[in-house]
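For reference, the structure is listed below as structure tokens.
The values are calculated or read from the model by the stated rules, or taken from the named source; none is laboratory data. Model, not experiment: these values are computed from the prediction. Glycine gets a Cβ as well: all are built from the backbone with ideal geometry, and neighbour counts include every protein chain shown.
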Amino acid sequence: MKFEKTIRFWQVAILSLVSCGWCNRSSLAADSPPNVLLLITDEHNFRTLGCYREILPQPQAEMWGRDVTVATPNLDRIAHEGLIGTRAYATAPVCTPSRAAMVTGRYPHNTGAPQNNLVLDRSIPTLADRLNEQGYRTAFIGKWHLGGNGKPEWSPKVDGGFQSKEFMFNRGHWKKFEIINGQPRVAARKNNTPTYDVDGADENSFASDWLTSRAIDFIEHDGDRPFLAVLSYPDPHGPNTVRAPYDHRFDDLPFSPPRTYQTGIASPGWLGGGTKHPVFRGSDMSRYFGMVQCIDDNVGRLLHSLSEIGKLDNTLIVMTSDHGDLCYEHDRLNKGNPYEGSARVPFLVRMPSKIPAGQVYDQPIGTVDLTPTVMGLIDQPNNPDDEGRDLSAAFTSQSVKPGDEVTFLRNAGTSASWVAAVNRRYKLILSTDDRPWLFDAEQDPDELLNFYRRPGTEGVAEKLAESLQTYSTRTNDPYFQHPAIRRSLDEILADPPPTKPIP
């Protein structure tokens, strides 16, 4: 009996020590700086996410037909347990300029990379540079597209300051990867040249799966230091191909063209970008849905991994895309113009320690706001030269009442075509090839009508034009030197706006 009591004493003592150790570990985890996981998709139509369909009117939620949807429970979880931005936009709806704005907090024309395949100006501190200084370990995994023409160019010379870049590739929409002699490479090849073929890729080699596995490896390594992990998927950008079983999972859905497809309504003069007048193919949308669901399943793997190592609730998770994909809206595929399908992007944030669950943020967000907002959310100093906004206070405090917030968009490139200002309801577009256009998201969410100078919009264009004038001066945007854009701006500002706020 005495022996049994002695054994029991030591069992209790050991359990107490172990419990104390776990308490200390939990306390340390709670007190340690938050990790940052940034998920970037490429050319992603926001309507494919269930969390957006839940808050959109049915005609907008089911753009390709009644009950034609793809389940995205893991991305939806991020929104449900945090914040969803309903008016988030690519600052320039093309890959390189949008990504440049994301990682620097500067507008594209001030990053050295206002159009595809230009090189990021490395004199500007990136998100990685800033968190390197704060003791974070930083990694970029996936498509970068800020290093020039290299394709794929693993570990590009211009790397944004990320410490771990062995699985960063500069550009391309590859579908199958492998590691040979310790080095990553594109596994689908013809005559030893990388191709975009799926080539029998499986859950171990398909791009979305393979890159997620590399991100999990990084996250689970060296657990004592906070991390910044950027996982940049090359999908659902075309070519619209995906591994089995996602390649035919949605073939039975009755896909229909969007309501804005082949309407016969004359297009605005500023409409450019994307593939023009494509023939609608439901099979193309089926594979697009497949790419989205494959990404979502891999996001589920990431969330599970973070939970298993006890880091989920101490990790700021942000999900967005570099731009949208029109997916046949307005007789276009892809991007490059200010229509919603092209320029609007998903924007989801989860940070339970700061952001109450279930928040819907309906004020405008730009990809240029990403870096300042991330720094604000993790209580790190922002750069005084940031041109994007730190939205952390608005995200974390339900008592903060945003005013008439505005974000700004511009065409990719070095030659002016259009600029736009967006608030929570309206979008004003000034261009080199048309009169001003004003879209009203409440009365015309399909963006078929021009509300400029229509009764009931008094003061709206004028207020947005004032914002554009301030933006052009503050950021020295050369597009406003174009005579047509300048003329449109002066025309609007000639009529002073009323003092009442914009609805």
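Here are the numbers for the structure shown:
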item	result
Selection count where residues are in a strand (DSSP E or B), touching a Pro at 6+ places or on another chain (Cβ under 9 Å) and buried (at least 17 other Cβ atoms within 10 Å of the Cβ), scope region 173-183	1
ASN314 vs. criteria in contact with a helix residue (DSSP H, G or I) (Cβ under 7 Å, 6 or more places away or on another chain), farther than 17 Å from ASP42 by Cβ, at pLDDT 95 or above and not β-branched (Val, Ile, Thr)	yes
Where LEU438 falls short, out of the listed (1) surrounded by 24 or more Cβ atoms within 10 Å (Cβ to Cβ); (2) aliphatic (A, V, I, L, M); (3) not assigned by TED's automatic domain parsing to the domain that holds PRO257	(1)
Only one of SER397, SER417, SER488 that is modelled with pLDDT under 95 and among the small types (Gly, Ala, Ser)	SER397
Helices (runs of 4 or more DSSP H) contained entirely in region 58-165, each with at least 1 residues that are of a type in the set (D, E, K, R) and farther than 30 Å from TRP418 by Cβ	73-80, 127-133
Lone unmet requirement of (1) of a type outside the set (Val, Ile, Thr); (2) at pLDDT 95 or above; (3) more than 17 Å from the chain's Cα centre (by Cα); (4) part of a loop (DSSP other than H, G, I, E, B) for PRO402	(2)
Selection from region 54-83 of residues that are over 17 Å from LEU253 (Cα atoms) and of a type in the set (Lys, Arg)	ARG77
Sole residue being under 21 Å from ARG410 (Cβ atoms), among the hydroxyl-bearing types (Ser, Thr, Tyr) and assigned by TED's automatic domain parsing to the domain that holds VAL94, chosen from TYR328, TYR339, TYR261, TYR288	TYR339
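Per-residue answers, yes or no, for (1) surrounded by fewer than 21 Cβ atoms within 10 Å (Cβ to Cβ); (2) free of Cβ contacts under 8 Å to residues at least 24 places away in the same chain; (3) of a type in the set (Gly, Ala, Ser):
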{"site": "SER123", "(1), (2), (3)": "yes, yes, yes"}
{"site": "THR126", "(1), (2), (3)": "no, no, no"}
{"site": "TYR136", "(1), (2), (3)": "no, no, no"}
{"site": "LEU146", "(1), (2), (3)": "no, no, no"}
{"site": "ASN149", "(1), (2), (3)": "yes, no, no"}
{"site": "LYS157", "(1), (2), (3)": "yes, yes, no"}
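Quick grid of which residues meet (1) among the charged types (D, E, K, R); (2) over 25 Å from the mean Cα position of the chain (by Cα); (3) part of a helix (DSSP H, G or I):
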{"residue": "ARG171", "(1), (2), (3)": "yes, no, no"}
{"residue": "ASP209", "(1), (2), (3)": "yes, no, yes"}
{"residue": "THR212", "(1), (2), (3)": "no, no, yes"}
{"residue": "ASP224", "(1), (2), (3)": "yes, yes, no"}
{"residue": "LEU228", "(1), (2), (3)": "no, no, no"}
